[in-house]
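Here is the structure we will look at, set down as structure tokens.
Computed from the coordinates by the stated procedures, all read-outs in this text should not be read as laboratory data. Here the structure is a predicted model, which is why all the values come from computation and not from measurement. Here the Cβ positions follow ideal geometry from the backbone for every residue, glycine too, while neighbour counts run over all protein chains shown.
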Amino acid sequence: MKWTVPNILTVLRLAAAPGVAVMFLYFHRPWADWFALTLFITAAVTDWFDGYLARLWHQESKFGAMMDPIADKAMVVIALVIITGYSGMNPWLILPVTVILFREVFVSGLREFLGAKAGLLKVTKLAKWKTTAQMVAIAVLFLGTGLEHLEGIARRGLSLDQYARLVSEGLADPIRSCGTRGCSSIATMIGLWLIWIAALLTALTGWDYFTKSLPFLREDKE
């Protein structure tokens with residue numbers, strides 16, 4: 001393997017995947033959320049740059065072709081596990097996350113079974129949009145978890161409805177910028193819509209890969 005800039009960016013993105021989880025091990029919240037969000041966005045940006053630079057400088061390699069999707073999947077899977085845990089196992093989040101995780105495992109197993117023929121399952125434009133949708137949704141959800149922690153401190157243990165009532169009665173100061181309920185609910189709601197869209201695109205790409213692989217899954221007639 002040659003240590004070209006595109007390959008280095010891919011390796012750094014792969015290393016950033018567990019780094020997102022490490023942020024919550026070494027830092028208190030909400031700093032862990034902000035650091036994880038920053039690291040995730042930075043790594044996601046490199047996903048575009050490494051491919052662009054590889055094509056621009058004619059530095060495409062087998063190593064990059066192999067590691068690029070692995071780095072993407074590692075980033076998405078680890079981030080979704082963290083967000084699901086810190087979101088209180090929200091069922092509206094668990095279902096699309098389950099679809100995404102199932103598809104990634106299914107397609108990876110499919111490619112492993114096909115072996116040398118797996119190259120026929122080329123990455124489509126829809127699959128690229130799927131990855132982009134996943135990363136945007138995850139970034140917004142990380143923003144929501146960070147804001148939720150900050151607003152939880154401001155509410156001092158009160159529920160959203162209790163806090164909103166006290167604010168309306170003038171007995172508590174409103175959370176700045178987004179009103180009595182703060183910005184976390186808005187960011188989380190947008191993130192949930194985006195993750196459902198990402199799950200739909202993920203399911204569609206999984207079905208597309210499955211249908212393309214059917215000719216190679218048929219039993220040979222004796």
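Assorted remarks:
- Here the calculated FRET efficiency for Val5 and Thr211, from their Cβ-Cβ distance with R0 = 41 Å, stands at 0.65, rounded to the nearest 0.05.
- At R0 = 35 Å, FRET efficiency that the Cβ-Cβ distance of Arg156 and Ile190 yields, to 0.05: 0.85
- Estimated translational D of the stretch 1-59 in µm²/s (Stokes, Kirkwood radius over Cα pairs; 10 °C; 1.306 mPa s): 130
- Net charge contributed by nearby residues that have their C-beta within less than 13 Å of Glu60 (K/R +1, D/E -1): +1
- Förster radius 45 Å - calculated FRET efficiency between Lys62 and Leu95 (Cβ-Cβ, nearest 0.05): 0.75
- Residue ranges 88-101, 28-41 sort as 28-41, 88-101 when ordered by packing (mean number of other C-beta atoms within 10 Å per residue, highest first).
- Mean projection of the Cα convex hull over all viewing directions, computed for the stretch 54-95: 4.0 nm².
- Full-stretch length increase - Val81, Lys128 - with 0.36 nm per residue and alpha-carbon distance subtracted: 14.8 nm
- For the pair the stretch 51-112 / the stretch 30-45, the C-alpha centres are spaced 16 Å from each other.
- Computed on the stretch 17-153, the Cα convex hull volume stands at 117 Å³ per residue.
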